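Inspection log for the structure reproduced underneath, given as structure tokens.
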């Protein structure tokens, strides 16, 4: 009898652990693991642009929000600085599928190669190829006397130019963003 009770208790514990595991797996698939998924983005840059790109969010004087379907559209000006009325796009994003960066040339779009995360290797890349790298999301603006500003930043250039350029955002560039 004592062995029967122990067996029943063990089976009950294993059943509860199994059901809890199924619940966790369901929660991950149903709710993305509790993480919010970012809205897909398309960044459109002027043809031939090279340098750093800054996208500042919640800007009163910024460009109005623009969507194509459910995808956010960011039209980067020649300055490389976009101030937008969009709120920050927070959460996680599959950069391979839902983050697209293009050069706009006349009426056509040329897809840029991107190397967003540590999963992407830049070791075997032609150093003359124009790529997008150093993609990051964060906050800043204190140096520009703008308080805490949410922003996205990245670099569009060849690897051979990476060490030759100064990618520092100055207050003057920030203020003349739409020129």
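The values are calculated or read from the model by the stated rules, or taken from the named source; none is laboratory data. It should be emphasised that the depicted structure is a prediction, and the values quoted were computed from it without experimental measurement. Backbone-built Cβ (ideal geometry, glycine too); neighbour counts: all protein chains shown.
Search the range 104-130 for residues that are under 17 Å from residue 50 (Cα atoms) and assigned by TED's automatic domain parsing to the domain that holds residue 163 and pair each with any residue that is at pLDDT below 80 and in a loop (DSSP other than H, G, I, E, B) when their beta-carbon atoms are under 6 Å apart and the residues are at least 6 apart or on different chains.
Pairs that qualify, where the first residue is under 17 Å from residue 50 (Cα atoms) and assigned by TED's automatic domain parsing to the domain that holds residue 163 and the partner is at pLDDT below 80 and in a loop (DSSP other than H, G, I, E, B), are 115/122.
From the set of residues in the range 37-71 that are crowded, with 18+ Cβ neighbours inside 10 Å and over 23 Å from residue 170 (Cβ atoms), which is modelled with the lowest pLDDT?
38
Of all the residues that make up the range 78-103, how many are surrounded by fewer than 17 Cβ atoms within 10 Å (Cβ to Cβ) and not in a helix (DSSP H, G or I)?
8
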